[in-house]
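Since the structure comes first, as structure tokens, the remarks are kept for the end.
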Amino acid sequence: MTRLKIAIQKSGRLAEKSLGLLERSGLSFARSKDKLFWYGRNLPVDLLLVRDDDIPRLLLEGVCQLGIVGENVALEKVLENRRRRPEARLEPMLKLEYGHCRLMLAIPEDEEFQGPGQLQGRRLATSYPFLTRQYLDTHGVEADIVPLNGAVEIAPSLGTADAIVDLVSTGTTLRANHLKAVDEVLDSQAALYRTPGTLDPDNEALLAKLLTRIQGVQQAAETKYVMLHAPRDRLAEISDLLPGAESPTVLNLEGQSDRVAVHAVCTEQVFWEHLEELKAAGASAVLVLPVEKMLA
Ligand code: ATP
Ligand code: ZN
């Protein structure tokens, strides 16, 4: 059996969260400050720290067996690779719920948007030429793509493009450049990818084990352990407000016959959405605890 390699971003928006996720999944690495390669100490799994743009190629070529990268980068690079290798593809094994961003079409703020059709024959600046081409093709539009590596949002004011396709999170940069986002090209987040080819059985088994662990940690991050006191006669109502959990644990409270303690596992979002209703149903002494790991 050979050692597995996982590629993550060395520094940038995804770097810290990706490393944290792997470490919480029980992987431990011999860190070396400047090197791109961290040796795995407790499992035959090593880390490769690279630019995010290189991760899709490392996976497609089988240099790394696992990688964490934004869907935006993975899709763009797969489309780029298809020119040489039409069969190139990468499927996300798991979306990771961080690194959210949207690739948007933006036009000058004083223009009206009537649909992608108005881009016909115009110039579009972007760092995502392949995703942009795919978007245009989907809408049957022919436009000139001006590929740029950075500062895409200043292209319209410089007169080198009529519109742009760029990543947007808050829209502040767009506004500063008198642009407005008008259509979504891609909704993206960080995801875990594997190399497309099959590995030898031992490595496949190790990869499956890692996936289960990472899934468990990721699921736990969104999950809370909720403890509260409830009137016994409103138990059914309160259980219904804590869904996503398997049947909640109900415990007697010493010296109180009309109230019980309820313990349940549920997603954080569900909990906040139902907090007011829980209170209205008579819940008190509410405690919300983090869950470190979960096995389904
Ligand atoms: P590298 O040096 O590794 O090439 P980079 O400058 O290309 O880094 P970052 O800015 O660190 O990349 O962003 C990495 C990823 O984070 C993006 O590809 C995207 O998936 C995600 N992301 C989340 N929010 C944003 C945002 N507001 N702007 C850009 N990327 C974002
Ligand atoms: Zn990059």
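Nothing in this text is a laboratory measurement; each read-out follows from the coordinates by a stated rule. Bear in mind that the values here come from a model prediction, so they are computed numbers and not experimental data. For neighbour counting, all protein chains shown are included, and Cβ atoms are generated from backbone atoms with ideal geometry for every residue, glycine included.
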### Query
Under a straight-distance cross-link criterion of Cα-Cα below 12 Å, which aspartates and glutamates are reachable from Lys279, leaving out those fewer than 8 residues away in the same chain?
Glu237
### Task
Once you've got the GNM for the chain with C-alpha springs shorter than 10 Å, pick whichever of Gln114, Gln218, Gln189 has the biggest mean-square fluctuation.
Gln114
### Task
Express the Stokes-Einstein translational diffusion coefficient of segment 152-205 in µm² s⁻¹, to the nearest whole number, given a Kirkwood radius over alpha-carbon pairs, 20 °C and a viscosity of 1.002 mPa s.
147 µm²/s
### Query
Looking at this model, which pairs from Lys33/Lys95; Lys5/Lys33; Lys95/Lys224; Lys5/Lys209; Lys209/Lys293 are more than 26 angstrom apart at the alpha-carbon?
Lys33/Lys95
## Note on the structure
Checked the chain with the C-alpha gyration tensor, a ≥ b ≥ c its square-rooted eigenvalues, rounded below a/c of 1.5, otherwise prolate if a/b is larger than b/c and oblate if not; verdict oblate
### Query
Build a GNM of the chain with springs between Cα atoms under 10 Å: which of His100, His178, His274 gets the top mean-square fluctuation?
His274
### Query
Per residue of the chain, what 222 nm ellipticity follows from adding -39500 (n - 2.57) for every DSSP H run with n ≥ 4, rounded to the nearest 500?
-8500 deg cm²/dmol
### Query
In whole percent, what relative contact order does segment 223-290 give with Cα contacts below 8 Å and a gap of six or more residues?
52 percent
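Going by average Cβ density within 10 Å per residue, which order do the peptides 153-166, 202-215 take, highest to lowest?
Final packing ranking: 153-166, 202-215.
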### Task
Work out which helices of the chain, taken as complete DSSP H runs, extend at least 27 Å along their axis over the Cα atoms and score a mean Kyte-Doolittle of -0.5 or more, then list them.
201-221
### Query
Gaussian network model of the chain, Cα springs within a sub-10 Å range: biggest mean-square fluctuation belongs to which of Ala220, Ala280, Ala88?
Ala280
### Message
Report D for segment 1-52 in µm² per second (integer): Stokes-Einstein, Kirkwood Rh on Cα pairs, 10 °C, 1.306 mPa s.
### Response
144 µm²/s
### Query
Quick one: net charge of Val73's neighbours, Cβ under 9 Å, K/R +1, D/E -1?
-3
### Message
Just want to confirm a number: the relative contact order over the chain, from Cα pairs under 8 angstrom separated by 6+ residues, in percent.
### Response
18 percent
### Query
Where the convex hull is taken over the Cα atoms of segment 37-127, what is its projected area averaged over directions, in nm²?
9.0 nm²
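Sort segment 101-187 into rounded, prolate or oblate with this rule: let a ≥ b ≥ c be the square roots of the eigenvalues of the Cα gyration tensor; rounded if a/c is under 1.5, and if a/c is not under 1.5, prolate when a/b is larger than b/c, oblate otherwise. Please report the intermediate quantities before stating the final value.
Details: a/c = 1.30, a/b = 1.25, b/c = 1.04.
Cα axes put segment 101-187 in the rounded bin.
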### Summary
The computed P(r) of segment 223-290 puts the percent of Cα pairs beyond 13 Å at 58 percent
### Query
Roughly how many whole Å is it from the C-alpha centroid of segment 46-74 to that of segment 189-211?
13 Å
### Task
Pull out a ≥ b ≥ c, the square roots of the eigenvalues of the alpha-carbon gyration tensor of segment 140-296, then state rounded if a/c is under 1.5, prolate if not and a/b is larger than b/c, and oblate in the remaining case.
oblate
